[in-house]
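Please treat every number below as a calculation from the coordinates, not as lab data. If you're wondering where the values come from, they're calculated on a predicted model, not measured in any experiment. Cβ coordinates were reconstructed from backbone atoms using ideal geometry, including for glycine residues, and neighbour counts include every protein chain displayed.
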Amino acid sequence: MKLATFTEAGRTRIGVVENGEILDLTEDRQLPADMIGFLAAGDHAMEAARVLLRRSTSRIPLVSVRLEAPVLNPRKFLAVGGSYESHIAEVAQLGIERPKYQTWFNKQVTCVNSPYGDIHLPRVSAQLDYEGELAIVVGRRGRHLHGADARAAIAGFTICNDVSVRDWQRRAVTGTIGKSFDTHGPLGPWIVTQDELPGANKLFLKTWVNGELRQDGNTDELIYRFEDMLTELSTSFTLEPGDILSTGTPAGVGVLRKPPQFLQVGDVCRVEIQGIGHIENRVVLEPDAATVPSGRGNEF
């Protein structure tokens with residue numbers, strides 16, 4: 001299934017996307033109306049959604065709704081660096097060695113953005129960059145996950161643009177501040193459940209800026225398996241439903257182009273992943289603190 005969070009007629013809730021339409025899962029009053037609650041309800045909620053999808057004839061055209069980030073308020077938003085062979089090769093020119101271990105960093109959850117919302121160019125930097133990534137959405141609470149249990153804890157996959165402010169990223173070893181500016185975590189357009197994306201370890205991933213192809217990779221370049229990522233993290237802390245784990249980016253980031261090509265006001269960045277869809281975000285100047293611009297409507 002394609003699980004989405006959407007707003008229509010002033011109400012935000014969750015639904016299942018199919019054939020250009022969305023089924024409102026709140027038709028079943030036994031189901032939670034938010035994604036974290038739905039995922040936490042486990043297999044029972046998933047099966048109830050499938051039954052409703054088969055039986056209900058009520059649908060809303062996608063063009064009539066605003067798609068939000070699939071998980072509006074994840075408790076954790078983490079991303080791993082140096083996970084694609086092609087990206088490891090391109091950063092080697094900077095003297096950065098192949099990582100010995102998985103290298104994770106936080107993106108503060110206030111960076112979460114809708115799949116078609118605007119990205120802010122910070123007033124404090126001109127070094128705004130893109131990183132198209134496949135993201136795991138955790139579906140089950142778990143600690144010390146291994147093998148099949150780790151894989152079973154994955155609810156599905158979505159698209160992330162790990163937007164980065166490069167000079168602020170370099171301010172500290174963790175990179176967290178430069179990865180966490182508001183609006184710098186577009187997610188979506190929905191979560192594709194594992195059963196509908198069995199080949200997630202071999203999907204093309206492409207990033208365009210203003211129609212120019214900048215990244216052209218494939219998840220088969222990943223040097224870590226998805227289940228190994230969950231094993232690594234859950235060794236330290238409990239993973240929870242709705243946690244976002246972004247799995248890294250292939251070659252082609254702007255900072256390593258010659259000369260570097262950073263995002264500017266008016267640029268449109270599109271990330272597409274096979275079997276999921278695309279997200280697309282326009283760059284705007286960061287507004288005054290008191291005003292936050294709304295994102296654009298749907299792009300299908």
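Under a 5 Å amide H cut-off, with hydrogens placed 1.01 Å from N, residue 121 pairs with 284, 285, 286 among residues at least 5 apart or on other chains. Residue ranges 57-64, 122-129, 176-183 sort as 176-183, 122-129, 57-64 when ordered by packing (mean number of other C-beta atoms within 10 Å per residue, highest first). Here the relative contact order of the range 197-292, from alpha carbon pairs under 8 Å that lie six or more residues apart, stands at 30 percent. Pairwise inverse Cα distances across the range 42-188, averaged and inverted, put the Kirkwood hydrodynamic radius at 17.7 Å.
Using Cβ point charges alone (K and R +1, D and E -1), the dipole size of the range 90-133 about the Cα centre works out to roughly 180 debye. Compute the long axis of helix 42-55 from its Cα atoms, compare it with the longest principal axis of the Cα atoms of the chain, and write down the angle in degrees, 0 to 90, nearest 10. Approximately 60 degrees, to the nearest ten. A straight chain from residue 98 to residue 288 at 0.36 nm per residue would run longer than the Cα-Cα distance by 64.4 nm.
Ratio of Rg to Rh for the range 118-265: 0.98 [Cα atoms; Kirkwood radius as inverse mean 1/r over pairs].
In terms of its C-alpha gyration tensor, the range 181-300 has a prolate overall shape, because the principal axis ratio a/c (a ≥ b ≥ c, square roots of the eigenvalues) is not below 1.5 and a/b outweighs b/c. For the chain, set up a Gaussian network in which alpha carbons nearer than 10 Å are linked by springs, and say which option among 234, 164, 114 fluctuates the most. Result: 234 has the largest fluctuation of those listed. Top mean-square fluctuation among 237, 157, 262, Gaussian network model of the chain, C-alpha springs under 10 Å? For the chain, modelled as a Gaussian network with Cα springs under 10 Å, the answer is 237. Along its first, second and third principal axes, ordered by size, the range 1-107 spans 57, 29, 25 Å in Cα coordinates. With an 8 Å Cα cut-off and a minimum separation of 6 or more residues, compute the relative contact order for the chain in percent. Dividing the mean separation by the residue count of the chain yields 25 percent. Using Stokes-Einstein with the Kirkwood hydrodynamic radius over Cα pairs, what translational diffusion coefficient do you get for the chain at 37 °C and a viscosity of 0.692 mPa s, in µm²/s rounded to a whole number? Once the numbers are plugged in, D ends up at 170 µm²/s.
Across 270, 11, 75, mean-square fluctuation computed from a Gaussian network of the chain (C-alpha pairs under 10 Å connected) peaks at 11.
Quarter the surface of the alpha carbon convex hull of the range 171-248 and you get the mean projected area, 7.5 square nanometres. Averaged over residues, the count of other Cβ atoms within 10 Å places the peptides 12-19, 280-287, 241-248 in the sequence 241-248, 12-19, 280-287, highest first.
Taking max minus min of the alpha-carbon positions on each principal axis, the range 76-149 gives extents of 43, 34, 19 Å, largest first. Distant-in-sequence amide contacts of residue 103, defined by a placed amide H-H separation under 5 Å and a gap of 5 or more residues or a different chain, comprise 81.
Within the straight-line cut-off of under 19 Å between alpha carbons, the aspartates and glutamates reachable from residue 107 are 68, 118, 129, 131, 133, 162, 167, 182, 232, 240, 243, 286, sequence neighbours fewer than 8 places apart in one chain being disregarded. For the range 126-131, the Karplus equation 6.51 cos²θ - 1.76 cosθ + 1.60, evaluated at θ = phi - 60°, returns couplings of 10, 9, 8, 10, 10, 8 Hz by residue, with Gly and Pro reported as x.
How far, in degrees from 0 to 90, does helix 226-236 lean away from the longest principal axis of the Cα atoms of the chain, to the nearest 10? With rounding to tens, the tilt is 80 degrees.
When DSSP beta bridges are restricted to pairs lying wholly in the chain, around 90% turn out antiparallel.
Each eigenvalue of the Cα gyration tensor of the range 177-219, multiplied by 5 and square-rooted, gives one semi-axis; in descending order these are 23, 17, 10 Å.
May I ask for the net charge around residue 42, where only other residues with Cβ less than 11 Å from the Cβ of residue 42 are counted and Lys, Arg are +1 while Asp, Glu are -1? Taking every Cβ under 11 Å from that of residue 42, the sum is 0.
In the structure shown, do any of 100/258; 2/76; 76/258; 2/202 have a Cα-Cα gap over 23 Å, and if so which? Where the Cα-Cα span goes over 23 Å, the pairs concerned are 100/258; 76/258.
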